[in-house]
Amino acid sequence: MKLKPIAMTAVAAILAFSAWHLTQGREEAAESKPETTAEAPASSGKVGEQVVVLDKAAEMKGGVAIAPLKTVFYHRQVQAFGVVLPLQGLIDLRNSIETARSQREKAAAMLETSRKEYERLKVLHADDRNVSDKALQTAEAAWKTDEANVRAARAALSAIEQNARQQWGGMLAKAVSDGSPLFNRLVEQREVLLQITAPSGVHVPQPPRTAGIRLADETFGTATLISSSPRTDPHLQGTSYFYSSAAPNLLPGMNVTAYLPYGEKTQGVVIPASAVIWWQGKAWVYVQEGAEHYARQEIPTDNPIEDGWFASKGFKAGERIVVTGAQMLLSQEFRSQIQSGEQGESGEKGEAGEKGKKE
């Protein structure tokens, strides 16, 4: 049976409408389907933080240890410049002092001999001139010459000691002159001598008994005050001090960053060195924000102390941080970011493929 033209036109219209409706339905279903996105580490809302999720089993396997922060009181610090001084100047000074002392003692011994000889001849001369006038006069001249030599030797030693005080300060000059235990420790390289200079214009009312020093490998040591320095570094023009330190791997000529505590104490917390990881030139720690959640947070490094850093802001007492195993958490964080990136790229490629099929 043949369809009439009108009937054929109606059937074609119905088929076209059905195809359009089916296609439209698929597109709406695709648009309404939830998108799958890669899970990235969530942010805790604090600047500089990234959160890592780690279960208890992974914590134990990675050796993660957590400890609460404790309140401490800390002196403010001024950052200063330090240099390890060579000891040749002190050694030469010691030799000069010993030579001058030897000369003084030799002159004193000769004076004592010539004095006694003059007195002996004087007695004999008085006893019916048993010695000649010339012999007595010669003995007196020798005695007077030896007196002058003693005065010259004493003046030479005094000049050396005064020069030492002007160059090294009274305390260090005395240590060299006496051959004290401090001088021996320096010469035997059990300690090094540091000149620490505060920035120009910064006044430290009283030189602190101990100062912190940051070494080339980012470790920290301590230095003990010897005395104020009577001279300054010509390049820095600040107040200088002499310190001694037994910190390892310090050699003459090395520069170090020093920290001089001063002023009133400030309340804060201590971040232990074992908790700190370095990344992109900054120091970070992981703070526990839940049973299995750890947030990476930057710490200030302008107040170093022995075995850690002091922080007056950004952290509070009682807050729990990772004190060991932080490096493992950093690796886990980066691994999560890489996986998230790969999943995101995969999702974009899949979406592009679907669009290609539709076209």
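The values are calculated or read from the model by the stated rules, or taken from the named source; none is laboratory data. Source: prediction; values computed, not measured. Every residue, glycine among them, receives a Cβ derived from its backbone with ideal geometry; neighbour counts consider all protein chains shown. Calculation scope for accessible area: heavy atoms of the full protein, side chains included, ligands and nucleic acids excluded. Shrake-Rupley method; radii C 1.70, N 1.55, O 1.52, S 1.80 Å.
Would you mention how many residues in region 231-258 are of a type in the set (A, V, I, L, M, F, W, C), over 16 Å from the mean Cα position of the chain (by Cα) and open to solvent by less than 50 Å² (accessible area, probe 1.4 Å)?
Of the residues in region 231-258, 1 are of a type in the set (A, V, I, L, M, F, W, C), over 16 Å from the mean Cα position of the chain (by Cα) and open to solvent by less than 50 Å² (accessible area, probe 1.4 Å).
Being at pLDDT 85 or above, open to solvent by 30 Å² or more (accessible area, probe 1.4 Å) and of a type outside the set (D, E, K, R) is the filter here; which residues of region 208-225 pass it?
Of everything in region 208-225, those that are at pLDDT 85 or above, open to solvent by 30 Å² or more (accessible area, probe 1.4 Å) and of a type outside the set (D, E, K, R) turn out to be 210, 222, 224, 225.
Looking at region 176-194, can you tell me whether even one residue there is in contact with a Gly (Cβ under 7 Å, 6 or more places away or on another chain) and not hydroxyl-bearing (Ser, Thr, Tyr)?
There is at least one residue in region 176-194 that is in contact with a Gly (Cβ under 7 Å, 6 or more places away or on another chain) and not hydroxyl-bearing (Ser, Thr, Tyr).
Looking at region 277-293, is at least one residue closer than 20 Å to residue 63 by Cβ, surrounded by fewer than 21 Cβ atoms within 10 Å (Cβ to Cβ) and among the basic types (Lys, Arg)?
Looking through region 277-293, none of the residues is closer than 20 Å to residue 63 by Cβ, surrounded by fewer than 21 Cβ atoms within 10 Å (Cβ to Cβ) and among the basic types (Lys, Arg).
Exactly one of (1) within 13 Å of residue 81 (Cβ to Cβ); (2) out of contact with any strand residue (DSSP E or B) (no Cβ under 9 Å at 6 or more places or on another chain); (3) of a type in the set (Ser, Thr, Tyr) is unmet by residue 232. Its number?
Exception for residue 232: condition (2).
Kindly indicate whether residue 30 is small (Gly, Ala, Ser), out of contact with any His (no Cβ under 9 Å at 6 or more places or on another chain) and either modelled with pLDDT of 95 or more or surrounded by 13 or more Cβ atoms within 10 Å (Cβ to Cβ) (or both).
no
Return yes when residue 253 is touching a Leu at 6+ places or on another chain (Cβ under 9 Å), part of a strand (DSSP E or B) and not hydrophobic (A, V, I, L, M, F, W, C) and no when it is not.
Here the answer is no, as residue 253 does not meet what is asked.
Consider region 79-121. How many of its residues are charged (D, E, K, R), under 57 Å from the mean Cα position of the chain (by Cα) and more than 30 Å from residue 247 (Cα to Cα)?
Residues flagged as charged (D, E, K, R), under 57 Å from the mean Cα position of the chain (by Cα) and more than 30 Å from residue 247 (Cα to Cα) within region 79-121 amount to 5.
Could you list, ordered by first residue, the pairs with Cβ atoms under 9 Å in which the first is in region 269-291 and farther than 21 Å from residue 318 by Cβ and the second is of a type outside the set (Asp, Glu) and assigned to a helix (DSSP H, G or I), at least 6 apart or interchain?
Pairs found: 277/326; 277/327; 277/329; 277/330; 279/330.
Looking at residue 80 and the list (1) modelled with pLDDT of 95 or more; (2) surrounded by 18 or more Cβ atoms within 10 Å (Cβ to Cβ), which single condition is not satisfied?
If we test residue 80 against (1) modelled with pLDDT of 95 or more; (2) surrounded by 18 or more Cβ atoms within 10 Å (Cβ to Cβ), just (1) comes out false.
Is it the case that residue 66 is at pLDDT 80 or above and either part of a helix (DSSP H, G or I) or not small (Gly, Ala, Ser) (or both)?
The answer is yes for residue 66.
Assess whether residue 132 counts as being touching a residue at least 40 places away in the same chain (Cβ under 8 Å) and among the hydroxyl-bearing types (Ser, Thr, Tyr).
The answer is no for residue 132.
Could you tell me which numbered condition residue 331 fails, if it satisfies all but one of (1) surrounded by fewer than 15 Cβ atoms within 10 Å (Cβ to Cβ); (2) modelled with pLDDT under 80; (3) polar (S, T, N, Q)?
(2)
Which residue is surrounded by the most Cβ atoms within 10 Å (Cβ to Cβ), if the candidates are limited to region 296-323 and must be modelled with pLDDT of 90 or more and in a strand (DSSP E or B)?
So the residue we want is 322.
For region 256-295, name all the residues that are among the aliphatic types (A, V, I, L, M) and part of a strand (DSSP E or B).
Correct list: 256, 258, 260, 269, 270, 271, 277, 283, 285, 287, 295.
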